[in-house]
1. Would you calculate a helix-derived [θ] at 222 nm for the chain, using -39,500 (n - 2.57) for each DSSP H run of n ≥ 4 and dividing by the full residue count, to the nearest 500?
2. Based on the Cα atoms of the range 106-247, what semi-axes does the equivalent ellipsoid have, where each is the square root of 5 times one gyration tensor eigenvalue, given in whole Å with the largest first?
3. Counting other beta carbons within 10 Å of each Cβ, put 362, 503 in order, fewest first.
4. Per residue, how much space in cubic angstrom lies within the convex hull of the C-alpha atoms of the range 435-536?
5. When 406, 145, 65 are ordered from fewest to most other Cβ atoms inside 10 Å of their Cβ, what list results?
6. Please list, in order, the residues from the range 501-542 whose amide nitrogen is less than 19 Å from a point placed 7 Å along the Cα→Cβ vector of residue 492.
7. So how tilted is helix 57-77 from the main axis of the chain? Cα-based, degrees 0 to 90, rounded to 10.
8. Could you list the residues of the range 194-216 with an amide nitrogen less than 20 Å from a label point located 7 Å from the Cα of residue 148 in the Cα-to-C-beta direction?
């Protein structure tokens, strides 16, 4: 992992005035509720042992045929009228709050494929709350037959005042899959498709956190973002002992038509192999591929913000970029004062993702929301990620219900027909093999002189690195650069009791503008760490 002092991934940022998110889906409330009881809720009949997986050839072949058909349909649709608004439903249902919508849950005893003691079971969501689009659900058999599921209110719970809701012709909003990934006698939820083109996956021991999307349009720009929507989901019926699922999605928006293929493999980490064919009508200069959406309220650099007793609240704490030449850059996330869009040049990336590195319960002290168990999401590109940038959108929020972080790849050249292939991993550990020091903790505060804080606008930065070799420390040196600031007193300190190497330095701002920081550890001409990256704002946010 050798590189010059200035690492090769170029980056820039811009502050965007006003709200980029007139449309912020507070779907986190709903999915959080789904995930909290994940390890304790029985969703299936006891299984004496996990089944031996059969060959996936027949299901996969059927899914590929479906994908080809939906791709042809999308190519035809792009020449016709675009997607219109969803059909209206009762205001009683669209106006209900999160808690009420969550109570309209699918009945566990009516799960699809339960009658054959399947490894994978299917449950559905009904329309209502934020979810007004009617999503057609198709079940395909391996022999080529298929059926569209008609809405069946008997599969849902309607208790108390909800008994009189007009639900007979309501329709479905999405689906979720269950499998015994934690215990052999329970079917736990591991994948959700719900809202726009969002999907969420979790592995063993996780609760829901960040989301993926099929693609995004004009994210982070002035004006309204265009949200592609899944209008139909095609599931190949899994055989009883089959441990993978195959789904094809029809995705539509005013300026796009698309087909997306998902091969889903649940387990310790849940893995999705994704292929998409996107057809554009009109100009779409800013097409985002493989988007990941998450939440960062505050972290260890400013613990307990907003008068919260918890030290940290976030689903992800950093963006990891893995460049074609092997450089690894870790960009710490922020809850900024103003909406910020940062760009990182990343031609032919080996990977990128939003990580939740801090896995200590003591960092969150939240037995209810369990932020230490939120999965990381990591993208491994295969096709369609040539020359381009990874963009990171961060916008200000005071609510942990807001997904205020989005990362996505924007190709330099956007064609009328685009094809992408990649793998997305929902996991707990590091997505890459160990290769030197990595950022473990980041803190900032005021410098001190004679035990008193120095109030001259400068900031003290402290970065703890782990994972590297702690011998021959005298040969290591801190390399720190800043755009918009000067760096003073950079040094390394061994912390054997923590198994870490600490880097300290002082930042002096040249103006009221943020400073772009970069830091890594060098030995001779070779890097011994990933590159730390951060957009540091003057002052502190204690008033918020």
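Laboratory data are not the source of any read-out in this text; all were calculated from the coordinates shown. Here the structure is a predicted model, which is why all the values come from computation and not from measurement. In this analysis, Cβ positions are derived from the backbone assuming ideal geometry, glycine residues included, and neighbour counts consider all displayed protein chains.
1. Working: 4 runs with 40 residues, N = 544.
It comes out at -2000 deg cm²/dmol, rounded to the nearest 500.
2. On the way: eigenvalues 126, 86, 55 Å².
Working through the eigenvalues yields semi-axes of 25, 21, 17 Å.
3. Values: 362 9, 503 26.
Ranking 362, 503 by Cβ neighbours within 10 Å, fewest first, gives 362, 503.
4. Numbers: hull volume 10.4 nm³, N = 102.
Value for the range 435-536: 102 Å³ per residue.
5. Working: 406 26, 145 9, 65 14.
Exposure proxy ranking, most exposed first: 145, 65, 406.
6. 501-506, 518-533
7. Long axis of 57-77 versus the principal axis of the chain: about 90 degrees.
8. 194-197
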